[in-house]
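I have placed the structure first, in the form of structure tokens, so that the comments after it can refer back to it.
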Amino acid sequence: MAIEAVPSWMAGLEEEDAVFIKRFILASGSLKEIAAQYGVSYPTVRLRLDRLIQKIRIGEDEEADPYIGLIKRLAIEDKIDVDAAKTLIRRYKQLRKENV
């Protein structure tokens, strides 16, 4: 059975993320093997996997609230710092609450 539509959590990933997922699966989830394939340390691969997990979770958050998902994605991609992201999200939620 082929996938007819790409799930939303996958649609937000970059090509290199998809390649990483494929390698991870083919390596039976061995981070040690993935580290060897990429020529990096185990902690580096672990960090990349953790960021990928965050991206997937954010993809799910974006369905519920696209603005909050965008802010979280920018923070994960180091385009804005975490403190700024928290401030923006906090203020956004406060404004939404006031307008309800």
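The values are calculated or read from the model by the stated rules, or taken from the named source; none is laboratory data. In this text, all values refer to a predicted model and were calculated from it rather than measured experimentally. Note that each Cβ is placed from the backbone with ideal geometry, even for glycine, and that neighbours are counted across all protein chains shown. With ligands, DNA and RNA removed, areas are computed over all heavy atoms of the protein, side chains included. Shrake-Rupley method; radii C 1.70, N 1.55, O 1.52, S 1.80 Å.
Among the chymotrypsin sites (Phe, Trp or Tyr not before Pro) in the range 1-50, which ones are in a DSSP loop with at most 16 other Cβ atoms within 10 Å of the Cβ? Mind listing them?
Numbers: sites: Trp9, Phe20, Phe24, Tyr38; in loops: none.
Here no chymotrypsin sites (Phe, Trp or Tyr not before Pro) fit, given the DSSP loop and packing criteria.
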Computed FRET value (nearest 0.05) for Gln94 with Leu74, which takes r as the C-beta separation and R₀ as 22 Å: 0.70
Highest-fluctuation residue, Lys55, Lys72, Lys22 considered, GNM on the chain with Cα pairs under 10 Å: Lys22
Computed lengthening from Ile53 to Val19, 0.36 nm per intervening residue step minus Cα-Cα distance: 10.8 nm
DSSP-assigned coil residues among GluC sites (Glu not before Pro) in the range 31-100, each with at most 14 further Cβ atoms within 10 Å: Glu77
Cut-off 12 Å between beta-carbons: net charge of the residues surrounding Arg96, Lys and Arg +1, Asp and Glu -1: +2
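Which value, in debye to the nearest 20, gives the size of the charge dipole of the chain about its Cα centre, when Lys and Arg are +1 and Asp and Glu are -1 at the Cβ? Each step should come with its number before you reach the end.
Values: 17 positive and 17 negative charges, 82 e Å.
So the magnitude is around 400 debye.
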For the chain: relative contact order, % (alpha-carbon pairs under 8 angstrom, 6 or more apart): 21 percent
Signed unit charges on C-beta, dipole axis of the chain, positive-most listed residue Ser8, Leu49, Gln37: Leu49
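Could you order Tyr42, Tyr92, Tyr67 so the one with the most accessible surface comes first? Probe is 1.4 Å.
Descending accessible area places them as Tyr42, Tyr67, Tyr92.
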